[in-house]
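None of the figures in this text is laboratory data; all of them are computed from the coordinates on show. Bear in mind that the values here come from a model prediction, so they are computed numbers and not experimental data. Positions of Cβ are backbone-derived with ideal geometry, glycine not excepted, and every protein chain shown enters the neighbour counts.
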Amino acid sequence: MTSLRRTAVLFTGVAILTGTVALAMGLSCGRHLTVQAVGLWLVHALTAVLAAWLAWTLWRLHSKVRQLRDSEATYRTLVNASSDGIAIFVLDHVRFTNPALLRMMGYASESEILGQHYAAFLPPETVDEVRGLVDTWVTRGLVEFHELQARRKDGSLAELEVSASTLVYQGEGALQFIVRDVTERNVLRRRAAQAAKLAAVGELVAGVVHELNNPLTAIVGYAGLLAKQPHSPSQEEDLARIAAQAQRAASIVRKLLTFARLQEPERRATDLNQLIRDTLDLQAYRLRTSRVAVALDLAPDLPQPAVDAQQIQQVLVNLVVNAEQAMAAAGRPGQLAVATRSAGSAVEIRVNDNGCGIPSEHLDRVFDPFFTTKAPGEGTGLGLSVSYGIVRDHGGEIRIESRLGEGTTFIVLLPLGQPPRAPEGPRPASGGRLPTRRWLVVDDEPVALDVLQHALGSVGQYVEVAGSGHEALQRLAAESFDYVVVDIRMPEMDGATLKALIEERLPELRGRVIYCTGDTANPTTRALLHSSALPTIEKPFRAEDVEGAVRRLVAAAEHPRA
């Protein structure tokens, strides 16, 4: 029994006792009424009333105290069970924390954190800013959902969403914080924003490349056609230079298209050595202008793991860019070494640089999202974390070895596995003379029509052209053709619609209509090409590419497999 309750019981007894005495005296005073008796009776009566009032007051106070204790116990249970962190600061120092906050910040017990100034949990560069915020919060009394960074016990940074309110704690003015760890949520948001940004860049690149493909088609096609004609030695050299540079431009365009493609991961057996060469070609200008010498040590018979080539290329680009920046920071000529080798049931890629290296205390955090030692604006801190995620999604491993001032090596291990079996394509035709057939070529670009007409004509084919889908249907209704080449992306009527109408109206041309396109970065175009088992003429093309596609189409249509 509490002292308050004992006191209430005591006064209740006193009230009953004095009340009983006053009653008895009142009855006796009725027969012997004297001034002395009345006075004594009044004293006992007033004592009884006072004792009763005190007892009633104490019982009420006892009830309030019990309710307060129950409320405090409920509040403490709720606070301790809360998934949000809760902390109370008195005069800027920690006076209370709940278990969720301790877990959030990496502490084992409250004793490790009690009495600490709030600055102890902040990155040094944000202390002044937060001090100003705290002063504002104290003045306003209530602030909701302000984001700030805090440093965990292990030194890593947490992104916190904080709401603050003023209160009285143990008789002193205090500031209570309710804290939610939003690090993972923000990582996902920023990844989504980065993905959207990359998607926009990819769409832009795809559109620009599509526009470049038509003039490149003319340069590559005409250079190839001219090369077949007799020329003086100097003219042949000039044509060879034109063709080589045009092919270089076409190769860059194809690599940009590959890198810009937006599609679901598609894993297949991939030549990692060639993927590394292609990636370094894309980065060649950047590396050359940064005075970085590149050395390759690629195993000649490297097994081909089943990977998504575009994702692994993204990893390689991130590693090469990271190495280039580290070498630039070192202030000396860079040396980038890329090597591959077979490592049992995996394939190993090593990317080594002689850059500034990474401090040992940072090695455990280089793959953390948004961790960067670069100056603001020089890096997002996402490159290595995205690379880590891609490699892990492939069932692989990425490691780092670094010595400050000497350089860094990233080691990527990709497991070997059985890739999906590629569909068997049509049987290639022999290299003999092609039988002459009638072809209708449909494209809205006059240059592409002319190059295709010349390329097909150079291998003995009879060619007519149409500049639109409607014109093509009119030509097909009036004349007979053996094969049709259709550009996919045309105004008014696209290639897929035209192909469907041709095969519907002229069943004899089913399996004899093929696509020509420079828009392979478009997901719709890729899906269309994927659904077709027939060869495709991809812009920019050479005369040899056209001849190869024609031979495969004729072989599939006129010499089908038994």
Taking 0.36 nm per residue of sequence separation and subtracting the Cα-Cα distance, how much length would be gained by fully extending the chain between S232 and I252, in nm to one decimal?
4.2 nm
Length gained, R277-S290, 0.36 nm per residue minus C-alpha separation, equals 2.8 nm
Work out, step by step, the length gained on full extension between H362 and A81: first 0.36 nm times the residue separation, then minus their alpha carbon distance; give nm to one decimal.
97.7 nm
Estimated FRET transfer efficiency when R0 is 22 angstrom, pair E110-R131 (beta carbons, to 0.05):
0.35
Calculate the FRET efficiency for L434 and E503 from the Cβ-Cβ distance with a Förster distance of 22 Å, rounded to the nearest 0.05.
0.40
How far apart, in nanometres, would the label points at L298 and R69 be if each is projected 7 angstrom from Cα along the Cα-to-Cβ direction?
7.9 nm
Kirkwood hydrodynamic radius over Cα pairs of segment 438-558, then Stokes diffusion coefficient at 20 °C and 1.002 mPa s, in µm²/s
151 µm²/s
Taking Lys and Arg as +1 and Asp and Glu as -1, residues besides E445 with C-beta under 11 Å from its C-beta add up to -3
